[in-house]
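Asker: Take a look at this one; I'll ask things after.
Every number in this text was worked out from the coordinates using simple rules, so none of it is lab data. Predicted, not measured: the structure shown is a model, and the values here were computed from it. Neighbour counts run over all protein chains shown; Cβ positions are idealised from the backbone, glycine included.
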4 protein chains.
Amino acid sequence: MSPKTPEQNARIRAESRQRIMAAAMHLFARDGYERTSIAGIAREAGVAKGLLYNYFSSKEDLLRTLILEAFSGGDEQIANLVAADPRSTLRNLLKWFFDEMRQRPEHWRLITEITLRVDKYAFVHELAKAKMEEYVQVLSRLFAQLNYTDPLNEARLFVGILDGIGVEALVLKDDYPLAAMEKFLLKKYCDENK
Amino acid sequence: MSPKTPEQNARIRAESRQRIMAAAMHLFARDGYERTSIAGIAREAGVAKGLLYNYFSSKEDLLRTLILEAFSGGDEQIANLVAADPRSTLRNLLKWFFDEMRQRPEHWRLITEITLRVDKYAFVHELAKAKMEEYVQVLSRLFAQLNYTDPLNEARLFVGILDGIGVEALVLKDDYPLAAMEKFLLKKYCDENK
Amino acid sequence: MSPKTPEQNARIRAESRQRIMAAAMHLFARDGYERTSIAGIAREAGVAKGLLYNYFSSKEDLLRTLILEAFSGGDEQIANLVAADPRSTLRNLLKWFFDEMRQRPEHWRLITEITLRVDKYAFVHELAKAKMEEYVQVLSRLFAQLNYTDPLNEARLFVGILDGIGVEALVLKDDYPLAAMEKFLLKKYCDENK
Amino acid sequence: MSPKTPEQNARIRAESRQRIMAAAMHLFARDGYERTSIAGIAREAGVAKGLLYNYFSSKEDLLRTLILEAFSGGDEQIANLVAADPRSTLRNLLKWFFDEMRQRPEHWRLITEITLRVDKYAFVHELAKAKMEEYVQVLSRLFAQLNYTDPLNEARLFVGILDGIGVEALVLKDDYPLAAMEKFLLKKYCDENK
DNA sequence: TATGAATGAGTATTCATTCAT
DNA sequence: AATGAATGAATACTCATTCAT
């Protein structure tokens, strides 16, 4: 008789929104942004096409939302990896990275693909640049503490290594020796006896 | 009006084909595969849309042809980089890589983008895997000659580094310090005094 | 919480209904029937979309209601314009018409637009025809009293003039010399010395 | 074997374009611009939806083309109505107008509807204003030659009359006494004995 | 009485592909 | 070998309407 309470509506909205975002993330990651249709996302989410536009103003707005959330979600997690000594921090970071590659490869595939299509989605350029610089700065300090002679470029190299391994693991999938590389890098960067 | 000789026809065919491929490569690289239209390729090539289907059975077939050629073209060039001593070979390789990133970034953007869309274009998976293994083997031998303790993984790391720097340079464009990284890597891998 | 009395309910109903109608009239007039959305009307009226369907069975029903009311509303006003002598009645009529064009141009734009879309909204045809004949009859009597030789066609002409000036004023807006035409027609039809 | 000659193509294109324009004119006029779908136009024209976009960049572009053509077509015809003496010119004009209303009512319905929806299609405002002023000027000269005391406003009135009768004839259709009004106006404006 | 989340048919537009010439 | 007019399935997006609360 009486309309739904604001709380009920908020919950319903949050749920629908979440389902749509999860479906979109899955499909964007699996098939790429361009190859994913709104109809497909709606079907995957189990809602009608039109509902999507109650929550996102366009397909690109949905993408933007996912990207922003992915980037900011990453930030929090990385903040948790910082340890007392630099070598442990590096170790945590490497372990986190390889775990992610094993557990959410599709998620990272999307991030990588979108990041490469920079021209079309200009906001990504700024975002990626800011993140990159942030990571390089943090790593640079770590390498300085470890007395590397050129910590800035070591930091850039380290980021590049992770990026490169990421791309290769995404392409070669089970054929890429993730475990071996993890061990190798842990030894190279975190071995106390070195 | 007069019937053409078989030789003339062959030449004409080769030329048209080449123009179409050049136009397609340019546009695929600049705008991405999905965002490039057959009409656009035909316009860029200065031919009619229909002609395209005399040479390629579909848009994807055209893509496939370009990818195959790009990969095999790379092979030849890399073969030329091999020098007498391993350190010079590494130096040539690094210099070639950084030159390519400076001169044909869009070309490599396409290769990278397509390579990431592995599921859709399954043939790429095999191709990429074969190339990767080939490169790793060659590099592995180089690192063995240079007495690295784990030459196989060093080779994988090296390939990963180039991949990663490539991705970052493509994303950050002029904001990425290509020159600094080139110098840094040349010192790290090719400095005789080390 | 406490159950409302029937009187309260009736008042609430009347108010909601009125707000919806006012909002719809405003938007239909400003943007046209097709370009106005139910969502927009609800927003303008400050009610939920669903409520609209408690009072009107469809968008078209809402339109119909507005049209009927506009026509019958006009009747009342026009009845008040009748004066003792025919020339004064004509003068009142002209003044009322030009005042309306100045004060509620959008209202008349809607009436005109809808009236033209006769096929789609068949009920308008009958309505318009009935009104037209009624006006022509009244005017015809006026012109007969003023000893015009062909009062029936003079009446039709007079109605046509008002319609025509209405359309032109709606199209040309501030570029149409409403004041000059008002003066001109008053002189033509109501000048005692003529 | 050989491709179509440019002449063949030009003819084919002109024909298709014409069929699409005729279909669009018909449907826009009958159902209104908003209620007419591209699919409907294509069906009426007997072509595929896509073909429409080979000739017009959008639905609005198609409308614009039709409007411009309708306005410029009118110009030519009206130029032919000018006669040696002003009374004959007026007679030609009135006859032309009533003939048009009898023969192409739907055409004029479209012009009127679009002209009223000025806000959305700003280019119409300018067009209509220019035409109106042009007609008023020509008529003003005619009325001056006929020694009317206020030729400018007489001209405006005359244009208004035609507009008004047009609107009413469009709405009332066969119920509007077009013939009677024609005779009445011819007598009023063109009777030599008056 | 009133709400607003949800639906799905409908819209304009794009584009790979075909085919008569 | 080459053309480009034509096709129609697919796409993102809109919006009147329903209905559980």
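Asker: If we count other beta carbons within 10 Å of each Cβ, what is the order of D:Asp61, D:Asp150, fewest first?
Answerer: Least to most surrounded, the residues fall as D:Asp61, D:Asp150.
Asker: Pull out a ≥ b ≥ c, the square roots of the eigenvalues of the alpha-carbon gyration tensor of the range A:28-162, then state rounded if a/c is under 1.5, prolate if not and a/b is larger than b/c, and oblate in the remaining case. Before the final figure, lay out each step's value.
Answerer: Working: a/c = 2.85, a/b = 2.27, b/c = 1.26.
It comes out prolate by the Cα gyration axes.
Asker: How far is B:Glu7 from the same spot in each other copy, in nm, shortest first, if each label point sits 7 Å from Cα toward Cβ?
Answerer: 3.8, 9.0, 11.0
Asker: Let me ask something else about it. Can you figure out the FRET efficiency of B:Asp61 with B:Thr5, using R₀ = 30 Å and their beta-carbon distance, to the nearest 0.05?
Answerer: 0.60
Asker: What distance in nm separates the simple spin-label points at B:Glu133 and B:Ala14, each placed 7 Å from Cα in the Cβ direction?
Answerer: That separation, rounded to one decimal, is 3.4 nm.
Asker: Just how large is the dipole of the protein assembly as shown about the Cα centre, in debye to the nearest 20, putting +1 at every Lys and Arg Cβ and -1 at every Asp and Glu Cβ?
Answerer: So the magnitude is around 660 debye.
Asker: By counting other Cβ atoms within 10 Å of each Cβ, how are C:Asp31, C:Asp191 ranked from fewest to most? The partial results should precede the final answer.
Answerer: Details: C:Asp31 17, C:Asp191 10.
By the 10 Å Cβ count, ascending: C:Asp191, C:Asp31.
Asker: Moving on to the next point. Relative to the first principal axis of the alpha-carbon coordinates of chain A, what is the inclination of helix A:59-79, with its axis defined by its Cα atoms, in degrees from 0 to 90 and to the nearest 10?
Answerer: 40 degrees
Asker: In addition: Would you please classify the overall shape of the range C:1-99 from the alpha carbon gyration tensor, given that a ≥ b ≥ c denote the square roots of the eigenvalues, rounded means a/c under 1.5, and beyond that prolate means a/b larger than b/c while oblate covers the rest?
Answerer: oblate
Asker: Is the range A:99-194 best put as rounded, prolate or oblate by its Cα gyration tensor, with a ≥ b ≥ c the root eigenvalues, rounded for a/c under 1.5, and otherwise prolate when a/b is larger than b/c, oblate when not?
Answerer: Oblate, since a/c reaches 1.5 and b/c is not below a/b.
Asker: What is the minimum Cβ-to-axis distance for chain B, in whole Å, where the axis maps B onto A, and to which residue does it belong?
Answerer: B:Gly164, 1
Asker: Kindly provide the helix-only [θ] at 222 nm of chain D, computed as the sum of -39,500 (n - 2.57) over DSSP H runs of four or more divided by all residues, to the nearest 500 deg cm²/dmol?
Answerer: So the calculated ellipticity at 222 nm is -26000 deg cm²/dmol.
Asker: Right, another one. Give the order of C:Lys49, A:Lys4 when sorted by the count of other beta carbons within 10 angstrom, beginning with the fewest.
Answerer: Placing the least packed residue first, the sequence is A:Lys4, C:Lys49.
Asker: Shortest first and in nm with one decimal, please list how far the D:Ala48 label point sits from its counterparts in the other copies (point 7 Å along Cα→Cβ).
Answerer: For D:Ala48, the inter-copy label distances come out at 1.6, 3.2, 4.7 nm.
Asker: With the radius of gyration and the Kirkwood radius both derived from the Cα set of the protein assembly as shown, what is their ratio Rg to Rh?
Answerer: Reported Rg/Rh, Kirkwood definition of Rh: 1.15.
Asker: Return the average number of partner chain Cβ atoms within 10 angstrom of each residue Cβ along peptide C:151-160.
Answerer: 5
Asker: May I ask for the angle, rounded to the nearest 10°, between helix C:86-103 and the longest principal axis of chain C, with both axes built from Cα atoms and the value confined to 0 to 90°?
Answerer: 40 degrees
Asker: Right, here's the next one. Place +1 on the Cβ of every Lys and Arg and -1 on the Cβ of every Asp and Glu in the range D:1-56, take the dipole about the Cα centre, and give the residue among D:Met21, D:Gly50, D:Asn9 whose Cα lies farthest towards its positive end.
Answerer: D:Asn9
Asker: Step through the residues of the range A:33-38 one at a time and calculate ³J(HN,Hα) from phi using the Karplus curve (6.51 cos²θ - 1.76 cosθ + 1.60, θ = phi - 60°), rounding each to whole Hz and writing x for Gly and Pro.
Answerer: Result, rounded to whole Hz: 4, 5, 7, 9, 9, 4.
Asker: For peptide C:165-178, compute the average count of partner chain beta-carbon atoms within 10 Å of each residue's beta-carbon.
Answerer: Working: counts 7, 4, 8, 9, 1, 3, 11, 7, 4, 0, 5, 4, 3, 0.
Counting other chains' Cβ atoms within 10 Å and averaging over C:165-178 gives 5.
Asker: In debye to the nearest 20, how big a dipole does the range B:1-56 give about its Cα centre with +1 on each Lys and Arg Cβ and -1 on each Asp and Glu Cβ?
Answerer: Using Cβ point charges on Lys, Arg, Asp and Glu, the range B:1-56 gives about 100 debye.
Asker: Among A:161-169, D:70-78, B:86-94, what's the highest-first ranking by average C-beta atoms within 10 angstrom per residue?
Answerer: Averaged packing, sorted descending, gives the order A:161-169, B:86-94, D:70-78.
Asker: Work out how much length A:Glu126 to A:Trp96 would gain on full extension: take 0.36 nm times their residue separation and subtract the Cα-Cα distance, in nm to one decimal.
Answerer: Going from the current span to full extension adds 8.3 nm.
Asker: Return the whole-Å distance between the Cα centroid of the range B:123-194 and the Cα centroid of the range C:56-110.
Answerer: 83 Å
Asker: In percent, what relative contact order does the range C:1-56 have, based on Cα pairs under 8 Å that are 6 or more apart in sequence?
Answerer: It rounds to 30 percent for the range C:1-56.
Asker: HN-Hα J couplings of the range A:172-180 from phi, Karplus 6.51/-1.76/1.60, θ = phi - 60°, integer Hz, Gly and Pro as x?
Answerer: Ordered by residue, 3J(HN,Hα) equals 8, 6, 5, 7, 8, x, 4, 4, 4 Hz.
Asker: Run through the other copies and list how far each one's label point is from that of C:Gly74, in nm with one decimal, shortest first; the point sits 7 Å from Cα along Cα-Cβ.
Answerer: 2.3, 6.6, 7.5
Asker: Nearest 10 degrees, 0 to 90: what angle lies between the long axis of helix D:105-116 and the longest principal axis of chain D (Cα atoms)?
Answerer: 90 degrees
Asker: Right, another one. If you place +1 on the Cβ of every Lys and Arg, -1 on the Cβ of every Asp and Glu, and leave all else neutral, what size is the dipole of chain A about its Cα centre, to the nearest 20 Debye?
Answerer: 480 debye
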